[in-house]
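The values are calculated or read from the model by the stated rules, or taken from the named source; none is laboratory data. No experiment lies behind these values; they were computed from the predicted model shown. With ideal geometry, Cβ positions are generated from the backbone for all residues, glycine too; neighbour counts draw on all protein chains shown. Just so you know, the surface numbers come from the protein's heavy atoms only, side chains and all, with ligands and any DNA or RNA stripped out. Shrake-Rupley method; radii C 1.70, N 1.55, O 1.52, S 1.80 Å.
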Amino acid sequence: MADKKGKGKGPGGGVIAQNKKARFEYHIDETFEAGLVLAGWEVKSLRAGKAQLTDTYILVKDGEAWLLGSHITPLNTASTHEIADPSRTRKLLLHRKEIAKIFSRSQEKGHTCVPLKLYWKGNKVKCELALVTGKKLHDKRATEKDRDWQRQKGRIMREHTKA
């Protein structure tokens, strides 16, 4: 009963899709966990890892949060009686206070809300959202420079331990 079929074990276990571009483009201020309203064929595709979050964003309309621009590729074996729309708008399940907070913060200049990753939590699909502010060009350069230095440091340490 405690066995989760390998989900959650090891680094990134259970992660379906990540929005790596968001971490490079934005400063992350605050994160939220939201559930997703999905169709059956979408869950099967997510189990196969056929999801993508690039250029995806969150829209708050009429007191509800929506995931726009995400792409879930339908499987060939998905149901034939249902028309599969890979980039349909999907509803996010959040508490009212969280939706109000996201809405008020995203109305401020330079702020927005983007999804960071889709992942499994038990047998449910969850979406990690973040309230973010855009990075300036010099911030992106600093991030890239830091990433290069970390990579270089790793190489130096590997060379040093071999000798």
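Descriptive notes on the structure:
- Note on the range 25-99: percent of Cα-Cα distances in each 10 Å bin, starting at 0 and stopping at the bin with the largest distance, equals 17, 46, 29, 8, 1.
- Coordinate range along principal axes, alpha carbons of the range 81-136, Å, largest first: 45, 24, 22
- Per residue, the accessible area of the range 87-147 comes to 62 Å², computed with a 1.4 Å probe over protein heavy atoms only.
- Cα centre as origin, Lys/Arg/Asp/Glu Cβ charges: the range 9-135 dipole, Debye: 320 debye
- Cubic angstrom per residue, convex hull over Cα atoms of the chain: 168 Å³
- Protection proxy ranking of 25-32, 49-56 - average other beta-carbon atoms within 10 Å, highest first: 49-56, 25-32
- Sum of -39500 (n - 2.57) over DSSP H runs of 4+, divided by residues of the chain (222 nm, nearest 500): -10000 deg cm²/dmol
- The range 34-74: C-alpha gyration tensor shape, a/c 1.5 cut-off, then a/b vs b/c: oblate
- Taking the 1.4 Å solvent-accessible surface of the chain as the whole, the part contributed by carbon and sulfur is 52%.
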